[in-house]
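> Sharing a structure here in structure tokens format.
The values are calculated or read from the model by the stated rules, or taken from the named source; none is laboratory data. This one's a predicted model, so the numbers in the text were calculated from it and none came from an experiment. Every residue, glycine as well, gets a Cβ built from its backbone with ideal geometry; the counts of neighbours run over all protein chains shown. Each accessible area value is taken on the protein alone, full model and side chains, heavy atoms only, with ligands, DNA and RNA left out. Shrake-Rupley method; radii C 1.70, N 1.55, O 1.52, S 1.80 Å.
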Amino acid sequence: MAGFTSKQLIGVGIFLVMIFIGIPLIIGATGRWDFYFTLTSVALLAIASAGVWLTFYIGRINIGQGAFALIGAYVSAILVVEAGWSFWISLPAAGLFPALVAILIGLPILRLRGVYFAMITLVLTQVVTLTALALPITNGATGISNIPLPKGISVLGISILPDFAAMENTKLAFYYTACIIMVMTYAALYRLVNSRLGHLCRSMQQNEELASSIGVNISYIRIVIFAISSFFGGLGGAMFGSIAQSVYPSSFQVADSVNFMLNCFLGGLGYVFGPMLGTLVLYFGWDLLFEFGKYQMLIYSTILILIIRFLPNGLMSIRFGKGGDK
């Protein structure tokens, strides 16, 4: 599907009005300012999950997104604290460096499939964590703290990007920033899926040998997709580091990588916006089950199993029926 239908455009419009106008008005009326951090976290997790969804799109199970999020967080923190860069300039670098790492490690590992690729990516997060503990530039277990808030950028005296330190409500500023990046991420993801590259990815997902036999350069496409996926992970990690104003080797763990994958399964692997819905439901679902105490994990796991069993195409399939690139 090359473009949006009228109903989809209306849905997107309602969504944008809700996150940029409706939610801030509701939070302002209720005084629940802590909700900004919660929703900002959901937006950033959805960005990283979008990258995982993209690797599923070429038939690869990626359980290593936490590694690239951690790399992105450290790259941004080092550039801001040690090199004196503006956070806004460090942000694209925090995406590009994990993408470069993904290209280097992707050359050998993307030849693997199924559980073999999944196991390799599962180890990546732990490898990056141990590397962060060992390298002097990352300060080992101490991590990097006291990261300054994003400073403004001006061109010819005109403020292009705001100075968060001068703002009264930094939570609102981070919320808007996270939502803008999330919208841009999913817009790019939708455009990619409905491009020629996206069509080639679908052919690879169904049968790599057949795609290769008709002239598709599957090795090149695998590397490009894996790099884009890691770029999204780096962006999400850098934003988390800026919000927390600190980065530690334990900032992203194996459990986070697993959750990024679960967000995609829960929302629906056949839908571009599935990871966004999956992240929202998984994040709030876990918190809502907190009152069950020691039974929280049991109930949580049971619900996930039931959803995957009876809704194999994810929660998005309830609305759209059979999975597709919607």
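> Condition first: open to solvent by less than 90 Å² (accessible area, probe 1.4 Å) and either touching a Ser or Thr at 6+ places or on another chain (Cβ under 6 Å) or assigned to a helix (DSSP H, G or I) (or both). Now tell me which residues in the range 110-125 satisfy that.
Matches in the range 110-125: Gly114, Val115, Phe117, Ala118, Ile120, Thr121, Leu122, Val123, Leu124, Thr125.
> Give me the pairs, please: first residue somewhere in the range 277-303 and within 21 Å of Leu315 (Cα to Cα) and without any contact (Cβ under 8 Å) to a residue 24 or more places away in the chain, second residue anywhere and surrounded by 15 or more Cβ atoms within 10 Å (Cβ to Cβ) and among the hydroxyl-bearing types (Ser, Thr, Tyr), beta-carbon distance under 6 Å, and either six or more positions apart or on two chains.
Listed pairs, sorted by first residue: Leu289/Tyr300.
> Can you confirm whether Leu298 is out of contact with any Gly (no Cβ under 6 Å at 6 or more places or on another chain), modelled with pLDDT of 90 or more and either assigned to a loop (DSSP other than H, G, I, E, B) or crowded, with 16+ Cβ neighbours inside 10 Å (or both)?
On the way: out of contact with any Gly (no Cβ under 6 Å at 6 or more places or on another chain): yes; modelled with pLDDT of 90 or more: yes; either assigned to a loop (DSSP other than H, G, I, E, B) or crowded, with 16+ Cβ neighbours inside 10 Å (or both): no.
Here the answer is no, as Leu298 does not meet what is asked.
> So, one more: Return the pair list, or none, for Cβ contacts closer than 8 Å from residues in the range 95-120 that are in contact (Cβ under 8 Å) with a residue 60 or more places away in the chain to residues that are assigned to a helix (DSSP H, G or I) and charged (D, E, K, R), at least 6 apart or on different chains.
Listed pairs, sorted by first residue: Gly106/Arg222; Leu110/Arg222.
> Please give the number of the condition Thr170 fails out of (1) β-branched (Val, Ile, Thr); (2) at pLDDT 95 or above; (3) farther than 18 Å from Gly234 by Cα.
The one condition Thr170 does not meet is (2).
> Follow-up. Out of Gly274, Gly278, I need the residue that is modelled with pLDDT of 90 or more, closer than 30 Å to Ile147 by Cβ and out of contact with any Ser or Thr (no Cβ under 6 Å at 6 or more places or on another chain). Which one? If you could, list the steps in order and put the result at the bottom.
On the way: Gly274 fails: closer than 30 Å to Ile147 by Cβ.
Sole residue among the options that is modelled with pLDDT of 90 or more, closer than 30 Å to Ile147 by Cβ and out of contact with any Ser or Thr (no Cβ under 6 Å at 6 or more places or on another chain): Gly278.
> Let me ask something additional. So, Ser203, is that one over 30 Å from Trp286 (Cβ atoms) and either of a type outside the set (Val, Ile, Thr) or open to solvent by 50 Å² or more (accessible area, probe 1.4 Å) (or both) or not?
yes
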